Amino acid sequence: MGMSDGSTARAVAEERDRLDPLAGYRERFYLTPGIIYMDGNSLGLLSRDAEQALQEATEQWKRSGIQGWSIGERPWGAYFSIIGALMADMVGAAHDEVVATASLTVNLHTLVGSLYRPSGKRRKILANTLEFPTDIYALQGQIALRGGDPARDLVRVESGDGRSLDEDDIIAALTDEVALAVLPSVLYRSGQLLDMARLTAVARERGVIIGWDCAHSIGAIPHRLDDWGADFAVWCGYKYLNGGPGSLAGLYVNRRHFGRTPGLPGWSGVPFDIRFEMRHEFVAAPDASAWQISTPPVLSAAPLLGSCSIIAEAGLERLRTRSLALTDYLIELLEGRGLLAAPYEYEIGTPREHHRRGGHIAVEHRQASRIVGALARRGVIADFRAPNVIRLAPVALYSSFADVWDVVEHLAQVVENGEHLGG
Ligand SMILES: *Cc1c(COP(=O)(O)O)cnc(C)c1O
């Protein structure tokens, strides 16, 4: 055991949990006794609310077959507008600008497919060198589909330190050759939160279509996409939204783009009242639902009815405040326990300022991969992102201050016992 003084004692964490008005939400989730879950930024945990909504959907299938779409207390057909409205509130959009549909990568394809219109010398798409690979693949694919050359037309803003992006560098790269930019709200590795309001405003001023990948901010951070004037955004449902593995995702499209033909049109994008006329001419729905493609997956949507309702009930502002308190505490303990110096040599790769930080902390170490393995053997679920990042996400809905305290203790002991060394 490491040393502890008054402020780093576990009793301090326990006291904070006792006094926390949001601590009760933990009971709505399935946590495994003996396991500390710090990976809710990759896959959020199952809540009783989500489980119940899923059971309701399968019961409906059992009892009603195809009529499940239209009859019963909550027909399947009604799921998507309910979930879409909950998501719209989380991203600060009107309800008709958001649709709960498909998956993040597919949504990125269909939106870039409609809004990327290279012309004249404005042909480039702006991304960044720290971006999650699937976004890059989608953008390269969309450029190639338009007959462009991804090696020339995809521009990636570089990072100065390999962890974060400088907003001024992004702004400098928003030139008159850029047609469209896709940026992450929160960088998946370091957890840096970009200044979405400022970057959106500059992109708009310069005539660049701007889309946000909100995978690591939806359900964790309040957004004001409409006020900022973003063109589009995409996110998934299984991280902070706790919708379950591979659950339904969502997209936002600003109403100024309503009526455009989706990049990947499908019959679910046709207004419902004429969809079953089965015409061969695509008619886009007059709102964001035009970007739906297929028959929506009821069973991978149902959990979101429960899990997004919990977020609405707790309140995103309050969750954000609690999330910052948890990550502040994590940083404070790493410092206070001396883990940022020899012999531990952990580093914090996430910006310290609240307005530049998402929901997780990137703890860096040369032996990060081995440390994540050692943590797993100790019952701590974290994840490793090459080359040197241990991502720790104390999730506002279900992680406790005591969890954070215990994780730091494990990080100390792993090094004290040499569990991070090869062998
Ligand atoms: C998680 C994540 C994805 C995942 O995409 P899927 O299509 O859901 O597999 C994409 N982009 C970012 C930035 C992510 O964090």
Is it the case, given these coordinates, that T295 is among the polar types (S, T, N, Q), open to solvent by less than 10 Å² (accessible area, probe 1.4 Å) and more than 16 Å from the ligand (Cβ to nearest atom)? no
Segment 174-204 - residue that is in a strand (DSSP E or B) and out of contact with any Gly (no Cβ under 6 Å at 6 or more places or on another chain) and, of those, nearest to the ligand (Cβ to nearest atom): P184
Looking for whichever is in contact (Cβ under 8 Å) with a residue 24 or more places away in the chain, away from the ligand (no atom under 16 Å from the Cβ), open to solvent by less than 10 Å² (accessible area, probe 1.4 Å) and among the aliphatic types (A, V, I, L, M) here; the options are A93, A88. Which one fits? A88
What residue, among those in segment 239-260 that are of a type in the set (G, A, S) and open to solvent by less than 10 Å² (accessible area, probe 1.4 Å), is nearest to F29 (Cα to Cα)? G243
Step by step: first the residues of segment 313-359, then only those that are of a type outside the set (A, V, I, L, M, F, W, C) and in a strand (DSSP E or B), then the one that is surrounded by the fewest Cβ atoms within 10 Å (Cβ to Cβ). Which residue is that? E347
What tally of residues in segment 158-173 results from selecting those that are open to solvent by less than 70 Å² (accessible area, probe 1.4 Å), among the small types (G, A, S) and either part of a helix (DSSP H, G or I) or on the phi < 0 side of the Ramachandran plot (or both)? 3
So which residues in segment 271-298 are in a loop (DSSP other than H, G, I, E, B), in contact (Cβ under 8 Å) with a residue 12 or more places away in the chain and out of contact with any Lys or Arg (no Cβ under 8 Å at 6 or more places or on another chain), if there are any at all? P271, F282, V283, A285, P286, Q292, I293, S294, T295, P296, P297
Taking segment 205-256 and keeping only residues that are among the acidic types (D, E) and either more than 19 Å from L126 (Cα to Cα) or within 11 Å of the ligand (Cβ to nearest atom) (or both), one is left with D213, D226, D227
Quick check on my filter: what residues within segment 103-140 are without any contact (Cβ under 8 Å) to a residue 40 or more places away in the chain and either within 13 Å of the ligand (Cβ to nearest atom) or under 30 Å from L304 (Cα atoms) (or both)? T105, P133, T134, I136, Y137, A138
Of the residues in segment 367-411, how many are part of a loop (DSSP other than H, G, I, E, B), open to solvent by less than 10 Å² (accessible area, probe 1.4 Å) and closer than 20 Å to G338 by Cβ? 0
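The values are calculated or read from the model by the stated rules, or taken from the named source; none is laboratory data. Please read these numbers as outputs of a predicted model, since none were measured by experiment. Neighbour counts are summed over all protein chains in view; Cβ atoms, including those assigned to glycine, are modelled from backbone coordinates with ideal geometry. Ligands, DNA and RNA are excluded from the accessible area calculation, which covers all protein heavy atoms including side chains. Shrake-Rupley method; radii C 1.70, N 1.55, O 1.52, S 1.80 Å.
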